[in-house]
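Trainee: Submitted below is the structure of interest, expressed as structure tokens.
The values are calculated or read from the model by the stated rules, or taken from the named source; none is laboratory data. The model shown is predicted, which means the values in this text are computed figures rather than measured ones. Every residue, glycine as well, gets a Cβ built from its backbone with ideal geometry; the counts of neighbours run over all protein chains shown. Side chains included, ligands, DNA and RNA excluded: accessible areas come from the protein's heavy atoms. Shrake-Rupley method; radii C 1.70, N 1.55, O 1.52, S 1.80 Å.
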Amino acid sequence: MRARVRPPVLMPQPPNMRRATQGPTLASSSQQYSAKSWLVLGMAGTIRLCWQNANMARPKSASHELKRDEILDIAAQCFADRSYPAASMNDIAAAIGTSKARLYHYYSGKDAILFDLLDRYTQRLLAIIGQVEATAQRRSLDDRAALHELVRDFLQEYETSATRHVALLHATQFLPGATDASGAVPAVSQRDLILNRQRDVVSAVTRFLRRAYPQRVNAANQTAQTMMLFGMINWTFTWLRPGGAMSYAAFAEQVIGLLEHGLAAA
């Protein structure tokens, strides 16, 4: 039995296009139109036609270029310059060069920006501790060398995170405490979460100190010794300027020298 052959399906021409030849013709796959193109899809032995905009690129969202990291950098600077209570969403939006409405697309309010800022920064500090411990194990560093590496890495971070560090020291108290914005009682409040991470950082540094100088640091004086170390490095944002007479790296060696000469066993 002779198979029945379907006649070819002819490609209709786009509206207002002049035909190159008289009569219906099959469209060339290489033919392009400046405004619109025809896309041919073969399915189940038939040709289906789809209209597609070819030369119109999808426009980027109005907020495409605005990143959360950029918001946090500028917000941290606003908090450092004006103080957290005095800085407003209007101030942050103006510093970014955007509208307040667009800023609200990313954060529900100033307190949400502060929490995200401190949440990321405290996680970063804990990550530095973990990285130093891993490095010490990989390089077989002794306990003193591991502590010295921690001092160097903390100060390296402080050099580029001064405004975030200011927020951590001065603005944590303004985070929501016992209840959140809806009045509900969270398992752990935002303020307690950040405070607990700060305590974890302090506890880790205490462990580093006790391992490094076991004859000089003990349960009776470990808090004082730990706070002494933090007192040397935590307030560098008030006086140590990048590009100044002393670099952060050089200051780290000064701190390490004091630890060695002040805490090393005779």
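Trainee: Applying the selection to region 91-110, what residues are within 30 Å of N196 (Cα to Cα) and either among the hydrophobic types (A, V, I, L, M, F, W, C) or open to solvent by 60 Å² or more (accessible area, probe 1.4 Å) (or both)?
Mentor: I92, L103, Y104, H105, S108
Trainee: Would you say M227 is open to solvent by less than 80 Å² (accessible area, probe 1.4 Å), modelled with pLDDT of 95 or more and either part of a loop (DSSP other than H, G, I, E, B) or not aromatic (F, W, Y) (or both)?
Mentor: On the way: open to solvent by less than 80 Å² (accessible area, probe 1.4 Å): no; modelled with pLDDT of 95 or more: yes; either part of a loop (DSSP other than H, G, I, E, B) or not aromatic (F, W, Y) (or both): yes.
So M227 fails the test.
Trainee: Give, as residue ranges, the helices (runs of 4 or more DSSP H) completely inside region 82-177 that count at least 1 residues that are touching a residue at least 60 places away in the same chain (Cβ under 8 Å) and under 25 Å from P214 (Cβ atoms).
Mentor: Details: elements: 89-96, 100-104, 110-139, 143-160, 162-170.
Answer list for region 82-177: 110-139, 143-160.
Trainee: Something else about it: Has region 240-258 got any residue that is polar (S, T, N, Q), modelled with pLDDT under 95 and assigned to a helix (DSSP H, G or I)? Before you say what the answer is, go through the steps one by one.
Mentor: Within region 240-258, the subset polar (S, T, N, Q) is 247, 254.
Narrowing further to those that are modelled with pLDDT under 95: none.
No - not one qualifying residue is present in region 240-258.
Trainee: Within the set of pairs 6 or more residues apart or between chains, which connect a residue that is farther than 21 Å from G177 by Cα inside region 196-209 to a residue that is outside any helix (DSSP H, G or I) and not small (G, A, S) with Cβ atoms less than 9 Å apart?
Mentor: From region 196-209, the pairs are T206/V217; L209/R216; L209/V217.
Trainee: Test each condition in (1) modelled with pLDDT of 95 or more; (2) surrounded by 15 or more Cβ atoms within 10 Å (Cβ to Cβ) for R216 and report the one that comes out false.
Mentor: (1) is the only condition that R216 fails.
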